[in-house]
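A quick write-up on the structure given underneath.
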Amino acid sequence: MRFTRRGRLPLVSLAALTFAFAPGASAQPPAMDLRQASGVPLPATDLPAGTVSVRVVRDSFANNLSGVDVLFTVNGQPTTLATDEAGRAQLSGLAPGDRLTAAATVDGERLVTQVTTIGETGVRFVLVAAGPGPGGAVGPAPAPVAGEPGSVTFGPESRIVLDYSDERLSVYYVLQIVNPAATPVDLGGPITIELPEGAGGAAVIDGTTANATANGPRITVVGPFAPGSSNVNAAFQLPFSGPSATLEQQWPVPLQRLTVFALQSGELDLQSQQFTTKQATIEEGQPLVAGFVPAMSAGDSLSVEITGLPHHAVWPRNAALALGGAVVVAGLWAAFVPVSRRRAV
């Protein structure tokens, strides 16, 4: 599966880059209980901006529920729409900044989404009703899982992918949160990833744990953290001016190992004193450069310079601004300085 950013499909999928250069294939994590994703907003680049889609299912995506009334509440104003044969109700025409929740009732069970603020993309929700229990009875929602005190790390399959296109530098984090314990772990608070300065348009993307959200310049992952690994996939744009940009990322928990990839175009390259090795390769016909980062402690920062970025000379713009400023000053002089004084000068 490939991630779409402003309509462009990178030649190399995130899934491929997750396993590129790995010494061996990793076991797939156990399937997530869909109820954990119920009511969590997911940015949807395939939907028009200002569009919210709510899908109502019972227990799994194989059981769509049609004809269920979904109550959309936008800035306190209610609108009710019924789900179609695919279990979806869709509301369009919302404005950036609108605050929305959606709710549905299935067999007496009320399902409610988290509050979300409309941004630059569409939003999808799934509302998951409890599946049938013994004798066909509908069971209650599973009880929240408690966690024991412990620790987690970013695992060895963690990746950063950089892609320059359409004069934008997009950054993709493919992070693996690893809990080595046999029971869920409670860190006493969430994992908060403060993104690099100037990061814009941050969003979590497909394959991310339901416990992760993007809010401005940070990614937040709430616990408890289940045994094994949980994936956090996020994307944002990194600003730059000139032929290079610097990515600075501080890690909130220890990092076992990291690979930084760049999809090469032109003379784009990666430089970092923290790389133990660097390697060029081709994946799915796309040239790549990869830098390998060893273990880092919580609080340590990664610094990578992206060089060879295409850029436009700034002197024509500066000259135009200077000329425009001179014209404005001359106009103000002519408008406000008396004629006699101008003659004297």
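The values are calculated or read from the model by the stated rules, or taken from the named source; none is laboratory data. The structure displayed is predicted, hence computed values, not measured ones. Every residue, glycine among them, receives a Cβ derived from its backbone with ideal geometry; neighbour counts consider all protein chains shown.
Every residue, every condition in (1) part of a strand (DSSP E or B); (2) within 19 Å of G155 (Cα to Cα); (3) in the same structural domain as T45 (by TED's automatic domain parsing); (4) free of Cβ contacts under 8 Å to residues at least 24 places away in the same chain, yes or no:
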{"position": "G198", "(1), (2), (3), (4)": "no, no, no, no"}
{"position": "G207", "(1), (2), (3), (4)": "no, yes, no, no"}
{"position": "S229", "(1), (2), (3), (4)": "yes, yes, no, no"}
{"position": "A235", "(1), (2), (3), (4)": "yes, yes, no, no"}
{"position": "P243", "(1), (2), (3), (4)": "no, no, no, no"}
{"position": "S265", "(1), (2), (3), (4)": "no, no, no, no"}
{"position": "A280", "(1), (2), (3), (4)": "yes, no, no, yes"}
{"position": "L288", "(1), (2), (3), (4)": "yes, no, no, no"}
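Can you report the number of residues in the stretch 71-101 which are in contact with a Phe, Trp or Tyr (Cβ under 9 Å, 6 or more places away or on another chain), within 24 Å of A130 (Cβ to Cβ) and touching a residue at least 24 places away in the same chain (Cβ under 8 Å)?
Adding up the residues that qualify gives 3.
How about the stretch 262-278: which of its residues are over 23 Å from S297 (Cβ atoms) and either basic (K, R) or out of contact with any Ser or Thr (no Cβ under 6 Å at 6 or more places or on another chain) (or both)? Steps first, please.
Taking the stretch 262-278 and keeping what is over 23 Å from S297 (Cβ atoms), we get 262-269.
Within the stretch 262-278, A262, L263, Q264, S265, G266, E267, L268 qualify.
Going through A181, A202 one at a time, which residue ends up being of a type in the set (G, A, S), touching a Pro at 6+ places or on another chain (Cβ under 8 Å) and not in a loop (DSSP other than H, G, I, E, B)?
A202
What residue, among those in the stretch 98-128 that are small (G, A, S) and modelled with pLDDT of 90 or more, is surrounded by the most Cβ atoms within 10 Å (Cβ to Cβ)?
Looking only at the stretch 98-128, we keep the residues that are small (G, A, S), and these are 102-104, 108, 119, 122.
Next, only the ones that are modelled with pLDDT of 90 or more stay: 102-104.
On the way: A102: 27, A103: 18, A104: 23.
This residue is A102.
Please give the number of the condition S230 fails out of (1) at pLDDT 90 or above; (2) in contact with a Ser or Thr (Cβ under 7 Å, 6 or more places away or on another chain).
It is condition (1) that S230 fails.
For the stretch 40-94, name all the residues that are among the acidic types (D, E), surrounded by 13 or more Cβ atoms within 10 Å (Cβ to Cβ), assigned to a loop (DSSP other than H, G, I, E, B) and modelled with pLDDT of 90 or more.
Initially, the stretch 40-94 is screened for residues among the acidic types (D, E), giving 46, 59, 69, 84-85.
Narrowing the set further to residues that are surrounded by 13 or more Cβ atoms within 10 Å (Cβ to Cβ) leaves 59, 69, 84.
Imposing the further condition that a residue be assigned to a loop (DSSP other than H, G, I, E, B) reduces the set to 59, 84.
Residue satisfying the conditions is D84 alone.
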